[in-house]
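Below: the structure, in structure tokens.
The values are calculated or read from the model by the stated rules, or taken from the named source; none is laboratory data. Keep in mind the model is a prediction, meaning the values are calculated, not measured. All Cβ positions, glycine included, derive from the backbone under ideal geometry; neighbour counts span all protein chains shown.
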Amino acid sequence: MSFEFAPTQEQVEMLKMVRKFVKKEIIPVRAYYDEEEEFPWPVFQKMAEIGVLCMSGPESISGYPWDNLTRCLVMEELARGCGGIATTPMANILASEPIEIAGTAEQKKWWFSGLCLKGEMGAYCVTEPGAGSDVAGLSSSVRREGNHYVLNGTKCFISNGGVASKYVVLARLNKSAGAKGLTFFLVDRHWDGVSHGKKEKKMGNRASDTSEVIFTDVKVPEEYLLGEEGGGFKIAMNAFNMSRPVIGAMAVGVSQFAMETARDYARERKQFGTPIANMQAVQFMLAEMDMRIEAARLLYQKAAWMLDKGLEVVRNSALAKCFGADMAQRVTSDAVQILGGYGYTREYPLEKAMRDAKLLQIVEGTSQIQKMIIAREILK
């Protein structure tokens, strides 16, 4: 099997545009939004204008039906500018994937018209206080009453949770059916019974919104059932297969920024009468960063390419996410080490990159869960 990851001319032009946007609109404000823990609405309004806030949807409603590889390439560039700000379009991608997988034409129009035409946010409501990586263990419930469903439950650690206009929600319809009792529903923020709990104060990714979303006797019309009753677990797993290469791409972006910052500093910083870039210990650290980043980049690109070809991708998506996330934590830590005391201070943005990178080992299935998935696949 031959692999072709070279970007097309269209992708090259897109990435040039995104890099220009990152340089002009994200880098100058990333420290402010991280420090203030404020959601950067002005940045996202501009992001929506260039088409990278919503990277999905039918062309008939001005959507952007990009392939998985293009999405990942764009997300690498956004995360290179700021991992926290990049988390919001990533959350839009994740929330949109169940609709891409199982949505009807009417449901896609309802969902993507808001995200693509109005710059709205979507949120993927699965995680609960007692159910994170164990999706089958969630307890949010839904029951059918006539031509609608009644939804109850609390979701936590929801990216875009407090700012989203639309939610895709996984709940238990049949308590005795295990994973087969889970079902997805589409929910509007403004429906009666939808409310928000606390906004989390986080170590990193402070420019993104992570909040509780609470559903109390929410009446969901039957036309907002996504897929089939009992089909939610399969949709969720397919969505994760699509989103995990995106996390791998974000890991590469954050790490590329960290490595370049450490490289530039090493060229200028002198110790014992010479730039520290001339010291073999520092050279080896930079070389190892570059090797790990390039390996992670190839892993996410291969997984995205396989998705676009319709190939089985469970193992490769987990590889891309796990290796990339663990790599980012190692590379950002080593970059801080090269800068020494300066790297530990907020004078340089490396400490922020290190904080942002940590989330990637946790979100959408921890690194340990990814290793379980990989082991299961190779032991089949």
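For this structure, a couple of remarks:
- Looking across 376, 330, one residue alone is surrounded by fewer than 20 Cβ atoms within 10 Å (Cβ to Cβ), modelled with pLDDT of 95 or more and within 23 Å of residue 206 (Cα to Cα). It is 330.
- Once region 177-201 is narrowed to residues that are touching a Leu at 6+ places or on another chain (Cβ under 8 Å) and not in a strand (DSSP E or B), the residue that is farthest from residue 159 (Cα to Cα) is 181.
- Any chance residue 299 is among the hydrophobic types (A, V, I, L, M, F, W, C), in a helix (DSSP H, G or I) and more than 22 Å from residue 88 (Cα to Cα): yes
- Every listed requirement among (1) touching a helix residue (DSSP H, G or I) at 6+ places or on another chain (Cβ under 8 Å); (2) surrounded by fewer than 24 Cβ atoms within 10 Å (Cβ to Cβ); (3) aromatic (Phe, Trp, Tyr) is met by residue 284 save one, (1).
- Inclusion of residue 269 among residues that are modelled with pLDDT under 95, in the same structural domain as residue 364 (by TED's automatic domain parsing) and of a type in the set (D, E, K, R) is warranted.
- The lone exception for residue 191 - which of (1) surrounded by fewer than 18 Cβ atoms within 10 Å (Cβ to Cβ); (2) touching a residue at least 60 places away in the same chain (Cβ under 8 Å) it fails: (2)
- Within region 111-151, the set of residues being polar (S, T, N, Q) and surrounded by fewer than 19 Cβ atoms within 10 Å (Cβ to Cβ) comprises 113, 133, 139, 141, 147.
- Here 359, 298 are screened, and the one residue that is out of contact with any helix residue (DSSP H, G or I) (no Cβ under 8 Å at 6 or more places or on another chain) and in contact (Cβ under 8 Å) with a residue 24 or more places away in the chain is 298.
- Filtered residues of region 113-151 (kept if touching a residue at least 12 places away in the same chain (Cβ under 8 Å), more than 18 Å from the chain's Cα centre (by Cα) and in a helix (DSSP H, G or I)): 113, 114, 117, 136
- The residue that is surrounded by the fewest Cβ atoms within 10 Å (Cβ to Cβ), counting only those in region 92-110 that are of a type in the set (A, V, I, L, M, F, W, C) and farther than 22 Å from residue 163 by Cβ, is 105.
- Scoring residue 205 on the criteria (1) under 16 Å from the mean Cα position of the chain (by Cα); (2) buried (at least 23 other Cβ atoms within 10 Å of the Cβ); (3) in the same structural domain as residue 348 (by TED's automatic domain parsing) leaves a single failure, condition (3).
- None of 63, 57, 84 is surrounded by 13 or more Cβ atoms within 10 Å (Cβ to Cβ), touching a residue at least 60 places away in the same chain (Cβ under 8 Å) and of a type in the set (Gly, Ala, Ser) except 84.
Listed here are the residues, each with its yes/no results for (1) surrounded by fewer than 22 Cβ atoms within 10 Å (Cβ to Cβ); (2) in contact with a Pro (Cβ under 9 Å, 6 or more places away or on another chain); (3) of a type outside the set (S, T, N, Q).
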residue	(1), (2), (3)
154	yes, yes, no
158	no, no, yes
161	no, no, yes
165	yes, no, no
169	no, no, yes
173	yes, no, yes
176	yes, no, no
198	yes, no, yes
216	yes, no, no
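Residues are listed down the side, and each one gets a yes or a no for (1) within 22 Å of residue 228 (Cβ to Cβ); (2) out of contact with any strand residue (DSSP E or B) (no Cβ under 7 Å at 6 or more places or on another chain); (3) modelled with pLDDT of 95 or more:
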| position | (1), (2), (3) |
| --- | --- |
| 88 | no, yes, yes |
| 100 | yes, yes, no |
| 114 | no, no, no |
| 119 | no, yes, no |
| 125 | yes, no, yes |
| 134 | no, yes, no |
| 162 | no, no, yes |
| 168 | yes, no, yes |
